[in-house]
Amino acid sequence: MHMKHRSKLFFCAFGLLALAGNAHAESTQIVANTSGQAATSFAGVSFGSPIAFGADWGSAGVGIFGQTLNKSATGTRGDGSAGVAFGLGDADRYVGLETDVSIADLSSYNGNHFGDGGALGFKLHTNLGDGAAVAVGVVGTARWGSEKDTNRASVYAVGTKAFRVGGVSPHALVLNIGIGDEGFRPINPSTGFGKKGPGIFGSMAFYIVPQVSVIADYTGRFFNAGLSFAPFKTQPLTVTLGGVNLTNRYDTKPQAAMTIGYGFHF
Amino acid sequence: MRKYIMTGLIVAACNSIAAFAGTVQPPPPPPPVISPNIGSGAFGTDNFTLNSNTGDNPGATGRGPGSLGYSLARIFFGGPDLHFNADGLLVDPSGKPFTGTTLTGQVFQDGKKQ
């Protein structure tokens, strides 16, 4: 049953991607840059949920994530992980494939050391034009080491669109909604993993200016919120600070979290 | 996880002793297995990392005209839409050859790429 649900999700999403790819394969958008400012530095879009835009050939990203933890419940005051991603393909003309490698255990509280565990993620995505994209993906697959038994792979399909808000001094709103299983579902207390079946996740980012955004995010499991900023105008460095699990789910308190990501082109 | 296994063994041992004494108690409900995973599985730390570092960083989502970075640039910095006319010149909506820089960073002079 579980596999059937996953297969359906993938077949539906692939069909959507095929249609989308054909629809915009020949479209191009050329727009004059009125400000002359390098359009390379923007604040973040989500704080936990995957989005439909992704890396394609020529794009890559690296970064780290860290969060506080309740020491009495987890044995440590905090933990985090690091990741690197790169893209293949062309999401504007056809599809892009973003491949992610994540490495767990930035702290060694459990006897684990950095690099002892990790996983791969893949995202097949296509840009629809006009600030919209759709994607299907999997996170937490091909796990190794300490991650092998403590995580499970999660598949998802997601759509994202950027909207202009206001006229003379515009702002931007990026809405993101998706459906996924496992990590996008509430926890089953008897197993510690996600409940069976699909769950909804989504995020909303309001860009006050290009380099500052306010984010609300529901991962399907936790509600998170954060403030993201890009400190340098010409560097694609994004820092997001915020709180995770703000609704005290599973009798656990909210925790502080931070991500630092750097995207680059080659 | 080891802690819960040990707890389970102790509970099982206690139940066995209680059964032997003729005072069987119903087994307690299993404890929620949240703590061991909270740093990674429950909060999805590893997934969170990638989503936060790559997927949600517009700088890492491509640079083509359909990318998120381009879409945001168009909202904040974009001017008129341009197109190539029959002569291969890049022109603005009024048909005037374009001089300047596009959002993709290409420089044009009188409609011709420099």
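Bear in mind that the values in this text are calculations on the coordinates, not laboratory data. Since the model is a prediction, treat every value here as computed from it, not as a measurement. Here the Cβ positions follow ideal geometry from the backbone for every residue, glycine too, while neighbour counts run over all protein chains shown.
Collect the residues in the stretch A:142-201 that are on the phi > 0 side of the Ramachandran plot and either within 11 Å of chain B (Cβ to nearest Cβ) or more than 21 Å from the chain's Cα centre (by Cα) (or both), keeping them in residue-number order.
Let us first name the residues in the stretch A:142-201 that are on the phi > 0 side of the Ramachandran plot, namely A:142, A:145, A:166, A:182, A:192, A:197.
Scanning the stretch A:142-201 gives A:Gly145, A:Gly166, A:Glu182, A:Gly192.
Taken across the stretch A:190-197, residues that are in contact (Cβ under 8 Å) with a residue 12 or more places away in the chain and buried (at least 24 other Cβ atoms within 10 Å of the Cβ) do not occur at all.
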